[in-house]
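First the structure, in the form of structure tokens, and then the observations on it.
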Amino acid sequence: MDSKPNQSSKLALQALTATELKAIADTLPGWTIDAHALEKHWRLDDFSQAMHLANAVAELAERLNHHPDLHIGWGRCSVRWTTHDAGGVTALDVDAARQTEALAAGLGARPQAAEESRA
């Protein structure tokens with residue numbers, strides 16, 4: 001078995017260009033998107049629900065072998081995807097953000113502005 005990454009996995013670990021990031025912005029509503037990371041904040045009913053979302057994202061991260069920054073508080077959860085080795089956002093981060101979005105929707109999480117998440 002060849003242990004070298006295939007071409008598609010190499011591409012998944014290349015930082016996206018500003019043009020590529022701009023093109024995906026409409027497909028990830030509510031996400032803060034820049035050259036460094038994809039980030040979103042959610043409100044949930046209580047601490048337990050925030051932990052459910054964080055745990056679901058943690059399971060996703062383990063499956064992908066790609067781990068986000070998670071911030072959890074009472075009724076809130078923030079997720080930040082980036083690929084440190086690539087120095088920015090990659091296709092893997094975009095895929096992870098889309099899957100995170102589906103997990104959050106399944107738990108009834110509501111988008112929250114970044115400013116509100118610091119309150």
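Throughout, read-outs are computed from the coordinates displayed, never taken from laboratory work. Here the structure is a predicted model, which means the values were calculated and not measured. Quick reminder, even Gly has a Cβ in these numbers, built from the backbone with ideal geometry, and neighbours come from all protein chains shown.
For a Förster distance of 41 Å, can you work out the FRET efficiency between the beta-carbons of residue 59 and residue 19, rounded to the nearest 0.05?
Given R0 = 41 Å and the Cβ-Cβ separation, E is 0.80.
Using DSSP to call loops (not H, G, I, E or B), can you name the chymotrypsin sites (Phe, Trp or Tyr not before Pro) in segment 37-119 whose Cβ has at most 13 other Cβ atoms within 10 angstrom?
Here the sparse-neighbourhood loop sites are 74.
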